[in-house]
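Here the structure comes first, spelled out in structure tokens, and everything after it is commentary.
The values are calculated or read from the model by the stated rules, or taken from the named source; none is laboratory data. None of these values were measured; they are calculated from a predicted model. Here the Cβ positions follow ideal geometry from the backbone for every residue, glycine too, while neighbour counts run over all protein chains shown. Just so you know, the surface numbers come from the protein's heavy atoms only, side chains and all, with ligands and any DNA or RNA stripped out. Shrake-Rupley method; radii C 1.70, N 1.55, O 1.52, S 1.80 Å.
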Amino acid sequence: KGCLSLAVDDLPVLDGKTPIQVYQEFCESFKSSFKPFMGTTITGISMGLGPDGELRYPSHHRLAKSSKIPGVGEFQCCDRNMLNLLQQHAEANGNP
């Protein structure tokens with residue numbers, strides 16, 4: 001629930017917008033809203049791509065409380081969009 005598949009970057013899955021469009025609109029809104037403070041009060045910006053500040057894949061597993069090593073992820077073609085991209089790539093390379 002805390003991630004989007006990389007396969008939907010160009011698909012309108014967020015109220016008719018792609019994740020890339022939503023992220024771009026957020027950045028433009030931030031820039032517009034805080035323009036008077038840029039370079040003075042705001043001298044640097046760090047942005048994350050996930051709910052905890054990192055890019056998460058569909059296979060992301062939270063760490064067990066007793067472990068410092070992340071869990072092993074699942075194969076990335078676990079959703080229909082990734083499977084579709086895999087099939088398109090295979091067919092384009094003569095390997096249906």
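Pairing each residue of segment 81-95 that is free of Cβ contacts under 8 Å to residues at least 60 places away in the same chain with any residue that is open to solvent by less than 90 Å² (accessible area, probe 1.4 Å), provided the two are 6+ apart or on different chains, yields C-beta distances under 6 Å for Leu83/Cys77; Leu86/Cys77. Pairing residues of segment 8-35 that are touching a residue at least 24 places away in the same chain (Cβ under 8 Å) with residues that are open to solvent by less than 80 Å² (accessible area, probe 1.4 Å) and in a helix (DSSP H, G or I), at Cβ distances under 9 Å and at least 6 apart in sequence or on separate chains, gives Val8/Pro19; Val8/Asn81; Leu11/Pro19; Leu11/Asn81. For segment 17-37, the count of residues that are open to solvent by 90 Å² or more (accessible area, probe 1.4 Å), part of a loop (DSSP other than H, G, I, E, B) and at pLDDT 90 or above is zero.
When segment 1-42 is filtered for residues that are over 25 Å from His89 (Cβ atoms) and touching a strand residue (DSSP E or B) at 6+ places or on another chain (Cβ under 9 Å), the ones remaining, listed by number, are Val22, Glu25, Lys31, Phe34.
Could you list all residues from segment 66-96 that are at pLDDT below 80, surrounded by fewer than 10 Cβ atoms within 10 Å (Cβ to Cβ) and more than 23 Å from Asp10 (Cβ to Cβ)? Correct list: Ser66, Ser67, Lys68, Ile69, Val72.
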